[in-house]
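Here is the structure we will look at, set down as structure tokens.
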Amino acid sequence: MISDLSESVTRSSATQSSATLITAVDAVTVPGVAATELWLTGVQRRDLAYLVEASYPFEACGLLVGSADTERVDVQDVFHARNLNVERARDRFLLDPDDHMAADRSARARGLDIVGIWHSHPDHPARPSITDLEAAWEGFSYLIISTTASGANDFRSWRLQGGKFIEEKIRETPQTSSSSEEES
Amino acid sequence: MSQATVRIPTPLRPLTGGSDEVAAVGHTVGEVLSELGGRHNGFLDRILDGQGKLRSFVNVYLGDSNVRSLNGLDSAVADGAVIHIVPAVAGGRDIPGGGIAGDDISGDGIPGDDIAGETR
């Protein structure tokens with residue numbers, strides 16, 4: 001079952017995760033290719049850290065729901081999806097299309113879109129693999145979270161443009177008064 | 001002939017003029033998609049292969065059901081039906097040295113290091 005983490009995980013101990021928070025990273029600069037930025041809240045990053053740590057040593061995956069334009073991707077919700085690749089769950093994922101459908105419906109009902117995919121790389125850097133490249137779609141942000149037995153340690157986001165993965169900066173969405181109350 | 005609403009995922013919207021939802025007609029899912037493809041150049045090529053079959057990396061839902069669990073592209077469409085196109089999403093980390101899943105990594109010789117920015 002798909003989980004709306006903005007509700008379920010916020011109430012859990014996930015917000016107490018000691019995972020390293022991501023900081024902005026420098027994107028690969030490619031002439032003629034517009035750079036984008038992925039904006040996440042601190043709560044969303046902790047939710048994601050909790051999920052990938054809970055799934056370790058297996059891969060976790062899900063969807064990012066929000067809005068996007070040519071310059072930035074604003075994530076409103078993080079959805080956890082089932083990995084249908086059970087036999088190779090340590091190094092592969094196949095996101096359950098039923099969960100994708102549920103997230104899409106939820107997004108559209110609120111005037112939002114699926115803007116990206118997230119998944120973990122257990123014991124592996126947060127860089128796209130050949131497998132990631134072969135299955136990628138242009139128009140999505142691909143957030144990859146490297147995790148080890150010690151926890152999530154690196155968050156990086158990528159976009160496929162012209163057959164290449166271009167890294168996009170990750171920014172922290174400023175905390176509003178309402179989200180501050182939610183987090184506490 | 002039934003009129004259906006086809007919901008377009010973000011990656012395919014450049015092919016529908018940016019529209020996230022498009023009306024199309026047909027008796028079956030295949031007919032609806034073909035009618036839509038006739039109006040939007042390049043759209044059908046992303047959905048169907050050269051034999052006119054649904055590509056493996058695309059899922060099509062009729063209402064709540066994946067058409068692969070129904071009658072495929074021949075699934076009958078009722079007037080007012082909603083058809084969702086859902087991109088298949090997959091991936092995963094590379095295995096250093098082509099070893100078995102679960103191999104430890106040291107950060108050396110990472111296949112992924114060679115991917116970003118390289119031409120497919």
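For the range A:52-94, GluC sites (Glu not before Pro) meeting the loop criterion (DSSP other than H, G, I, E, B) and having at most 13 other Cβ atoms within 10 Å: A:Glu71, A:Glu87.
For the range B:23-93 versus the range A:76-120, the spacing of their alpha-carbon centroids is 19 Å. Phi angles across the range A:148-160 convert, under the Karplus curve 6.51 cos²θ - 1.76 cosθ + 1.60 with θ = phi - 60°, into 3J(HN,Hα) values of 10, 4, 7, x, 5, 10, 7, 10, 9, 10, 9, 10, 7 Hz, Gly and Pro given as x. More than 16 Å apart: what percent of Cα pairs in the range B:2-101 qualify? Counting pairs separated by more than 16 Å, the tail of P(r) holds 56 percent.
Every number here is computed from the coordinates shown, using simple stated rules; none is lab data. What you see is a predicted model, and the numbers here were worked out from it, not measured in a lab. Neighbour counts are summed over all protein chains in view; Cβ atoms, including those assigned to glycine, are modelled from backbone coordinates with ideal geometry.
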